[in-house]
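Trainee: Provided herewith is a single structure, encoded as structure tokens, for subsequent inquiry.
None of the figures in this text is laboratory data; all of them are computed from the coordinates on show. As the structure is a prediction and not an experimental result, all values here were calculated from the model. All Cβ positions, even for glycine, are placed from backbone atoms using ideal geometry, and neighbour counts span all protein chains on display.
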């Protein structure tokens, strides 16, 4: 897909991906959802896990390969992807205990952007 470079310091971005058609596809499209579960974090200095689970990233980018025709899918074609950018604070406020977020719920929180708009969208979200 190419390399994106950001002028952002110490921002943690978690990237998740999904597609309607999987390699094990058997005539049904996959239900689109993304994992957003808070998890305990390992501290390498103390060699222990945190007691409280957290979402460790500052921002999430959810990537959806939306092409539904298996003969046309080209994972390297960025025009076949939608990207959803969401700040972790939004997820923590609206879905503090939720382990997964469906596409329909995600689209209530944010709108998809094209590959060419990811950098600008992330930079705006971080500001």
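Trainee: Between residue 17 and residue 92, what is the FRET efficiency for a Förster distance of 25 Å, r being their Cβ-Cβ separation, to the nearest 0.05?
Mentor: 0.70
Trainee: Once label points are set 7 Å from the Cα along Cα→Cβ at both residue 43 and residue 78, what is their separation, rounded to one decimal in nm?
Mentor: So the two model labels end up 4.0 nm from each other.
Trainee: With each run of n ≥ 4 DSSP H residues scored as -39500 (n - 2.57), what mean residue ellipticity at 222 nm is computed for the chain after dividing by its residue count and rounding to the nearest 500 deg cm²/dmol?
Mentor: It lands at -5000 deg cm²/dmol.
Trainee: Just subtract the alpha-carbon distance of residue 124 and residue 104 from 0.36 nm times their residue separation and send over the number in nm, one decimal.
Mentor: 4.9 nm
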